[in-house]
1. I want to confirm something. Restricting to the stretch 58-75 and keeping residues that are within 16 Å of the chain's Cα centre (by Cα) and not charged (D, E, K, R), which single residue is surrounded by the most Cβ atoms within 10 Å (Cβ to Cβ)?
2. Working only within the stretch 6-44, note down all residues that are part of a loop (DSSP other than H, G, I, E, B) and either modelled with pLDDT of 95 or more or under 15 Å from Pro77 (Cβ atoms) (or both).
3. Report, by residue number, each residue of the stretch 67-125 that is closer than 25 Å to Lys143 by Cα, more than 13 Å from the ligand (Cβ to nearest atom) and among the hydrophobic types (A, V, I, L, M, F, W, C).
4. Can you run down the residue pairs with Cβ atoms below 6 Å, 6 or more apart or on separate chains, where the first is in the stretch 78-100 and part of a helix (DSSP H, G or I) and the partner is more than 10 Å from the ligand (Cβ to nearest atom) and not aliphatic (A, V, I, L, M)?
5. For Pro66, are the conditions met, namely being in contact with a Ser or Thr (Cβ under 7 Å, 6 or more places away or on another chain) and assigned to a loop (DSSP other than H, G, I, E, B)?
6. Might you check whether a residue that is part of a loop (DSSP other than H, G, I, E, B), out of contact with any Pro (no Cβ under 6 Å at 6 or more places or on another chain) and either among the small types (Gly, Ala, Ser) or surrounded by fewer than 21 Cβ atoms within 10 Å (Cβ to Cβ) (or both) occurs anywhere in the stretch 109-116?
7. When you look at Ser3, is it among the hydroxyl-bearing types (Ser, Thr, Tyr), outside any strand (DSSP E or B) and within 14 Å of the ligand (Cβ to nearest atom), yes or no?
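The values are calculated or read from the model by the stated rules, or taken from the named source; none is laboratory data. What you see is a predicted model; the values in this text were computed from it and never measured. Here the Cβ positions follow ideal geometry from the backbone for every residue, glycine too, while neighbour counts run over all protein chains shown.
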Amino acid sequence: MSSDVVVAVDGTSGSGKSSTSRGVATRLGLRYLDTGAMFRALTWWMLEHGIDVHDSQAVAAHAGDPFIESGTDPHAPSIHVDGIDVAGPIRSEEVTAAVSPVSTVPAVRQRLLELQRAIIGTGGIVVEGRDIGSVVWPQAQVKIYMSADAEARAARRTAEHDHLVDVQATKDVLLMRDRIDSGRSTAPLTRADGAVHLDTTHYTLDEVIEMIVGLVQGESE
Ligand code: DC
């Protein structure tokens, strides 16, 4: 495996991208970047500042305002906005509901694209998102497109976050986010050219990590 390897992991919400990407990065001694956390951080800032997240002009006008820092240690990924640790707040229901509309705004995507490319830099990193293999880093040596049945994704999300949450409601939210993420005109969620499709419905986390580690190691042989 070359030390400048970039592994792009794209896919639908709840397909297991985060746990898988962190696991792969840990196994291979690579950095890890959660680009979804960056979109969530920007969304958190918009909500904090009373900006209407459905007003794309207002969102675009402020896309450059917050200072966003992403820590890339797979053991302890971090995210700060204007020096505030927002790792917890960006997972709130309010942010989750607002992040898809914010991420359709081209000025938001452009801003974060620049930050993402600066972090990916010379490589040695696993990057998860929706458009990494297609737009952010199409030259990635390994590209993965992860999916899973909506039922399985909703069940995993419910177990992860709060057992009291309704599985059907979680599934509806996931499907709505899929529609927005796949339907937007700028950098929609799509299987990038050359991406390996992994349907994780019937695999455990460890099995999926193993498959990707094998692909990364095989890439440089
Ligand atoms: O991976 P996640 O659920 O934390 O991502 C949150 C949202 O951010 C997701 O609904 C769409 C958006 N996103 C994006 O548009 N492009 C990315 N590369 C990553 C996330």
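1. Pro74
2. Selection gives Gly29, Leu30.
3. Within the stretch 67-125, Ala76, Ala118, Ile125 meet the criteria.
4. Pro89/Trp44; Ile90/Trp44; Val95/Trp44
5. Working: in contact with a Ser or Thr (Cβ under 7 Å, 6 or more places away or on another chain): no; assigned to a loop (DSSP other than H, G, I, E, B): yes.
Criteria not met by Pro66.
6. In the first step, residues of the stretch 109-116 are kept if they are part of a loop (DSSP other than H, G, I, E, B); the result is none.
The answer is no; no qualifying residue exists.
7. On the way: among the hydroxyl-bearing types (Ser, Thr, Tyr): yes; outside any strand (DSSP E or B): yes; within 14 Å of the ligand (Cβ to nearest atom): no.
Answer is no for this residue.
Let's see how each residue does on (1) touching an Asp or Glu at 6+ places or on another chain (Cβ under 6 Å); (2) touching a residue at least 12 places away in the same chain (Cβ under 8 Å); (3) buried (at least 23 other Cβ atoms within 10 Å of the Cβ):
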residue	(1), (2), (3)
Asp4	no, yes, no
Gly16	no, yes, yes
Gly29	no, no, no
Gly36	no, yes, no
Asp55	no, no, no
